[in-house]
Amino acid sequence: MHHTGTTRTPIALTRYFDEVVDRLARQGLDVAQVVLELSPARPLRGQVVTGRGPVLRWHEDLGWSNGAESAGPAAHPAEVAGLLDRM
């Protein structure tokens, strides 16, 4: 998703979140939970909860947020992981 301009389908979003989780794992961060809201009537949303507590939230229109900083909706997984590094 970060490397193409594809539409955000539930399958594309799931693959994108898999890439983010894989990147976090390579950096030694445990992911405790991933939640995706795939309601067709609302913007897609998701969150990643790490084993140490911090949460990254994603909104289809607004992108990623760690509460203090943000990244675009199609940010590269490394950029998303960087949001946790700066917490």
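The values are calculated or read from the model by the stated rules, or taken from the named source; none is laboratory data. Since we're looking at a predicted model, the values are computed, not measured. No Cβ is skipped: glycine too gets one built from the backbone with ideal geometry, and neighbour counts run over all protein chains shown. Just so you know, the surface numbers come from the protein's heavy atoms only, side chains and all, with ligands and any DNA or RNA stripped out. Shrake-Rupley method; radii C 1.70, N 1.55, O 1.52, S 1.80 Å.
Tell me, what is the FRET efficiency for R52 and T9 to the nearest 0.05, using R0 = 35 angstrom and their Cβ-Cβ distance as r?
The value I calculate is 0.65.
Entry comment: accessible area of the chain is 57 Å² per residue, from protein heavy atoms only and a probe of 1.4 Å.
Convex hull volume of the Cα atoms of the chain, normalised per residue: 83 Å³. Between amide H atoms placed 1.01 Å from N, distances below 5 Å from L44 occur with E60, all of them 5 or more places distant or on a separate chain. Counting Lys and Arg as +1 and Asp and Glu as -1 over every other residue whose Cβ lies under 12 Å from the Cβ of E79, the net charge comes to -1.
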